[in-house]
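Peer 1: Structure provided below as structure tokens; questions to follow.
The values are calculated or read from the model by the stated rules, or taken from the named source; none is laboratory data. Because the structure is predicted, anything quoted here is derived from the model rather than measured. Backbone-built Cβ (ideal geometry, glycine too); neighbour counts: all protein chains shown. Heavy atoms of the whole protein, side chains included, go into the accessibility calculation; ligands, DNA and RNA do not. Shrake-Rupley method; radii C 1.70, N 1.55, O 1.52, S 1.80 Å.
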Amino acid sequence: LERAKRQGRNIWQWYSSHKIEHSRNSVNLRHDLHAALNENQFEIYYQPLVDAVTGRMRSVEALVRWHHPARGMMISPGEFIPLAEQTGQIVPLGLWILRQACAEMADFNAHRERALPVAVNISSLQFIRDGFLDDVRRVLNETGIPPQLLELEVTESVLLDGTAPVIELMETLKTLGVRVALDDFGTGYSSLSYLRDLPVHKVKLDRSFVEKTATDQRVAAIVQGVITMAHHMDMIVVAEGIETREQQEDLARRHCDILQGYLFARPMPLAELKKLPDHLPVNTAK
Ligand code: C2E
Ligand code: MG
Ligand code: MG
Ligand code: MG
């Protein structure tokens with residue numbers, strides 16, 4: 001009994017110190033986020049999206065990176081975006097990302113024969129906030145990027161505070177020429193009614209589906225169903241997280257339109273994007 005108690009206590013101590021360490025990290029990161037924008041610690045990486053059949057680059061997704069000076073490495077957006085959402089810093093950060101991605105891609109496209117659209121992830125908080133539409137208009141004006149080359153990626157969580165204002169905003173964006181994509185589709189609940197209600201032009205199937213399509217018949221049935229339904233509603237379907245040739249072939253056979261994943265290219269700095277060929281051969285070495 002004594003031994004079990006001791007062990008139990010050890011486990012508890014390990015657990016609690018682990019937790020404290022974790023929250024201390026969050027506090028520090030939260031603090032560091034404040035300085036990071038002024039000190040130019042963010043950079044936009046770009047990941048190509050390719051035609052599922054031909055492998056031709058069709059657009060890119062902007063993915064923010066944080067070069068944290070003290071940690072000497074990049075911190076993943078999966079870690080700091082939620083923190084920035086909690087503190088409200090996502091608003092200035094999100095605006096910076098939108099402006100930076102549009103400015104860089106306007107410049108990038110000036111040197112290309114065929115212009116590439118850019119997709120920018122928008123946090124729900126940022127999207128439903130008053131003033132977002134004005135921000136988009138201002139960024140379009142300032143950077144000169146044609147609205148048709150800007151796409152906004154939002155997730156189902158934009159609907160948390162109600163559907164009607166979100167639909168209205170999406171319709172207004174549409175009249176501006178800016179398109180909206182529904183990101184991470186299938187990770188939330190009641191996704192099918194969202195698909196019916198939202199004026200989005202593109203659906204991005206979450207990576208968790210792509211991983212299982214080849215091995216799980218039920219997942220494959222859902223994926224096939226979503227692709228067919230989306231096409232009936234004139235939406236384009238993207239599959240995220242394509243890592244293998246099998247996944248590529250499977251999704252292409254199911255008439256998924258666009259693929260994105262490490263098989264083709266990882267997110268990369270603008271300078272590297274500039275060197276890419278128009279068609280991306282699959283990267284089997286990975
Ligand atoms: P997301 O928008 O769904 O972006 C796709 C994520 O999948 C990216 O992770 C990308 O690097 C990763 N990915 C792409 N292909 C593959 C693959 O083949 N295999 C695997 N395992 N992963 C792949 P990343 O860049 O770490 O971003 C994570 C999430 O953070 C994003 O998910 C998005 O929700 C958020 N995020 C990233 N950049 C921004 C941003 O600028 N603003 C906002 N609000 N959120 C962002
Ligand atoms: Mg995205
Ligand atoms: Mg996604
Ligand atoms: Mg995702």
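Peer 1: Per-residue accessible area for Ser76 at 1.4 Å probe radius, Å² rounded to 10?
Peer 2: Only protein atoms counted, so the area is about 60 Å².
Peer 1: Among Arg254, Arg129, what's the order by accessible area (1.4 angstrom probe), most exposed first?
Peer 2: The most accessible residue leads, giving Arg129, Arg254.
Peer 1: At 1.4 Å probe size, put Thr175, Thr87 in order of accessible surface, largest to smallest.
Peer 2: Ranking Thr175, Thr87 by accessible area, largest first, yields Thr175, Thr87.
Peer 1: Moving on to the next point. Heavy-atom accessible area of Arg30 with all protein chains present, probe 1.4 Å, nearest 10 Å²?
Peer 2: Only protein atoms counted, so the area is about 80 Å².
Peer 1: Report, in deg cm²/dmol and to the nearest 500, the calculated mean residue ellipticity at 222 nm for the chain, where each DSSP H run with n ≥ 4 adds -39500 (n - 2.57) and the sum is divided by the residue count.
Peer 2: My calculation for the chain gives -15500 deg cm²/dmol from helical runs alone.
Peer 1: Here is a further query. With every protein chain present, what is the per residue accessible area of region 190-286 (1.4 Å probe, Å²)?
Peer 2: 52
Peer 1: Could you pull out every residue, at least 5 positions away or on a different chain, whose amide H is within less than 5 Å of the one on Phe264? Hs are placed 1.01 Å off N in the peptide plane, and Pro or chain starts have none.
Peer 2: Sorted by chain and number, the residues that satisfy this are Asn283.
Peer 1: If you stretched the chain out fully between His279 and Leu160, how much longer would it get, using 0.36 nm times the residue separation minus the C-alpha to C-alpha distance?
Peer 2: Extra length from His279 to Leu160 when fully extended: 38.9 nm.
Peer 1: The chain: percent of C-alpha pairs farther apart than 35 Å?
Peer 2: 23
Peer 1: Hey, another quick one. List the residues, sorted by chain then number, that are 5 or more residues from Glu153 or on another chain and whose placed amide H is less than 5 Å from its amide H.
Peer 2: Correct list: Val120, Asn121, Ile122, Ala181.
Peer 1: Using a 10 Å cut-off on Cβ atoms, rank the peptides 148-155, 263-270 from the highest mean neighbour count down.
Peer 2: 148-155, 263-270
Peer 1: Next question. Given a Förster distance of 30 angstrom, what is the FRET efficiency for Arg56 paired with Asp130, based on the Cβ-Cβ distance and rounded to 0.05?
Peer 2: 0.15
Peer 1: Let me ask another. From the mean inverse distance of alpha carbon pairs (Kirkwood) and the Cα radius of gyration, derive Rg over Rh for region 192-267.
Peer 2: That ratio equals 0.96.
Peer 1: At Tyr262 and His201, where each label point lies 7 Å from the Cα along Cα→Cβ, what is the point-to-point distance in nanometres?
Peer 2: Here the answer is 3.1 nm between the modelled labels.
Peer 1: Computing the accessible area with a 1.4 Å probe over protein heavy atoms, can you report the carbon and sulfur percentage for the chain?
Peer 2: With neighbouring chains kept in place, the figure for the chain is 52 percent.
Peer 1: Which order do the peptides 164-174, 201-211 come out in when sorted by mean C-beta neighbours inside 10 angstrom, highest first?
Peer 2: 201-211, 164-174
Peer 1: With every protein chain present, what is the per residue accessible area of region 21-120 (1.4 Å probe, Å²)?
Peer 2: On a per-residue basis, 47 Å².
Peer 1: If packing is taken as the mean number of other Cβ atoms within 10 Å per residue, what is the order of 273-282, 114-123, highest first?
Peer 2: 114-123, 273-282
Peer 1: Let me ask you something else. Based only on the alpha carbon positions, what is the Kirkwood hydrodynamic radius of region 83-173, in angstrom?
Peer 2: About 13.8 Å, per the Kirkwood formula over Cα pairs.
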